[in-house]
Each structure stands twice: as C-alpha cells, then as structure tokens.
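Report on the following structure.
The values are calculated or read from the model by the stated rules, or taken from the named source; none is laboratory data. From a predicted model like this one, the values you see are computed outputs, not experimental measurements. Counting neighbours? That spans all protein chains shown, and the Cβs are built from the backbone with ideal geometry, glycine included. Note: areas computed on protein heavy atoms with side chains; ligands, DNA, RNA excluded. Shrake-Rupley method; radii C 1.70, N 1.55, O 1.52, S 1.80 Å.
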Amino acid sequence: MQKRTRSHMWAFGLLALLAVGIGLYALVLYGNPDRIRESMFVTEKGQLPELWYGMLWVHAVSAGLALGIGWVQWIKRLRQRAVTVHRVVGCVYAMGITLAGVTGLYLSYYAAGGWIGRTGFAMLSLMWLYTLYRSLQSMLVRRDPQAHGAWMLRNYALTCAAITLRIYTPLAAVLFGLGTNASFVVIAWLAWLPNLLLAELWIRRSRNRNLMRRLQQTRSTMRG
C-alpha cells in the first residue's frame, strides 16, 4: 500500500513538473505577440492569414496557463481546506480552456498532417470544450461533485495533450526521421486519445473501489 502511494506521488510530481515546464515554455515562446512570428514553428508554416497569428497567441497563452495550474486542482488537501483557492483556480482554468478550445478549432484548419491531422486536432478542441461543459454542468446545475471531478479529470487529460505532443514529435523525428507533416497524421490523435483512455480507466477503477468500500461498510453495519 505504501509502495503504491509513493509511486502515485512520484507520478503526480512528474506530471506537475512537466505541466509547469510546458506551460512556461508556451508562455515564454508565444507570450509576446510581437515576437510570435520569429518562432521556428511559425516560420515553417509559410504564409498565413493575419488572424492566425492572433489566434495562436491567445491559444498558446490560455492553454499554457491552464496546463500550468490545472494539476493543482487534484491536491485533495487544497480542495478540502482551501475551497476559495480551488474555486478561483477552477475559474481561471475554465476560462483558459474555453479560449484554448475555441482558438484551437480555428488553428486546426491550418494544422500539419493533412485532413487526418486537422480532424484529429479539431476533435481534441471539441472534446476539450465538451468535457469542460459537462464538468461545469455537473457542479453548477446538478450539484454532483463526483461527476464534476470525473469530467474534469477527462478534461485535464486532454489538456495534457500539450505534454504528450511534445514527447511524440521529437521521437518521431529521431526514430523515424518524420517531419510534422508526416508524423501529425498519427500524433494529432495519439497526443490525446490514450490520455483520455487512461483517465477513463482511472475513473472506473475509482468507482469500483468506492463501491467496494460502501459494500464493506454496509456489511459491517449489518453485522453490528
């Protein structure tokens, strides 16, 4: 039990480190709208509409901020003892995801990887917005904190596509010699689908564990 708890803490710590690192990377690289045209990612894409540059800036800043602060919401002690902080961080995160999702839909039209890559990134943005909507509906309308937590876990798993994307892209280049036009056919989907699957498995595992705990409590009460 202690070994499992320790491994979970290490995994969470690694996730937090990567989230903060990638979030800061996005803010540093794209945070200045006047220098956004100078980045290698932008120069490789050639001539683009003027609106694209503004959309990329909003997307990078909002998504980077959401990624960098989202992991804080999974600290149980913070949720229980600092409810106001949890809500403030949640509001900032939700606004960030809303902006990132809407701008991501626009940017997906210009993504590398052909129509398959563009569809993958568009689906990521749609799922981002949908899971955020369901999470807010669960808490604000239905007052169901468990459902809220499950939908937010799915949402943050999608946000972590920013991490997996930056792992898979250099790997595809080093191992297979693929540029973004070729690799994004797969990476546009691989960056977020496995994340969402892992989140779903974690949610079901937690539900089963809670169900078993309630059954044990019921049996103990009946015996007593």
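At a glance:
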| read-out | value |
| --- | --- |
| Checking residue 156 against (1) of a type in the set (Phe, Trp, Tyr); (2) within 20 Å of residue 97 (Cα to Cα); (3) open to solvent by 30 Å² or more (accessible area, probe 1.4 Å), the condition it does not meet | (3) |
| Flag if residue 151 is in a helix (DSSP H, G or I) and under 22 Å from residue 13 (Cα atoms) | yes |
| Test: residue in region 80-87 that is in a helix (DSSP H, G or I) and among the small types (Gly, Ala, Ser) | no |
| Any hit, region 35-52, residues being of a type in the set (A, V, I, L, M), part of a helix (DSSP H, G or I), modelled with pLDDT under 95 and within 22 Å of the chain's Cα centre (by Cα) | no |
| Residue 65 being open to solvent by less than 60 Å² (accessible area, probe 1.4 Å) and touching a residue at least 24 places away in the same chain (Cβ under 8 Å) | no |
| Where a residue in region 187-201 is closer than 15 Å to residue 126 by Cα and its partner, wherever it lies, is surrounded by fewer than 13 Cβ atoms within 10 Å (Cβ to Cβ) and among the charged types (D, E, K, R), with Cβ under 8 Å and at least six apart | none |
| Unmet requirement for residue 200, which otherwise passes all of (1) at pLDDT 90 or above; (2) within 21 Å of residue 104 (Cβ to Cβ); (3) open to solvent by less than 80 Å² (accessible area, probe 1.4 Å) | (2) |
| Residues of region 159-184 classified as open to solvent by 50 Å² or more (accessible area, probe 1.4 Å) and within 20 Å of the chain's Cα centre (by Cα), total | 4 |
| Residue tally, condition under 13 Å from the mean Cα position of the chain (by Cα), open to solvent by 10 Å² or more (accessible area, probe 1.4 Å) and of a type in the set (A, V, I, L, M), over region 94-131 | 5 |
| Among the residues listed as 54, 21, the single one being within 24 Å of residue 105 (Cα to Cα), open to solvent by less than 60 Å² (accessible area, probe 1.4 Å) and small (Gly, Ala, Ser) | 54 |
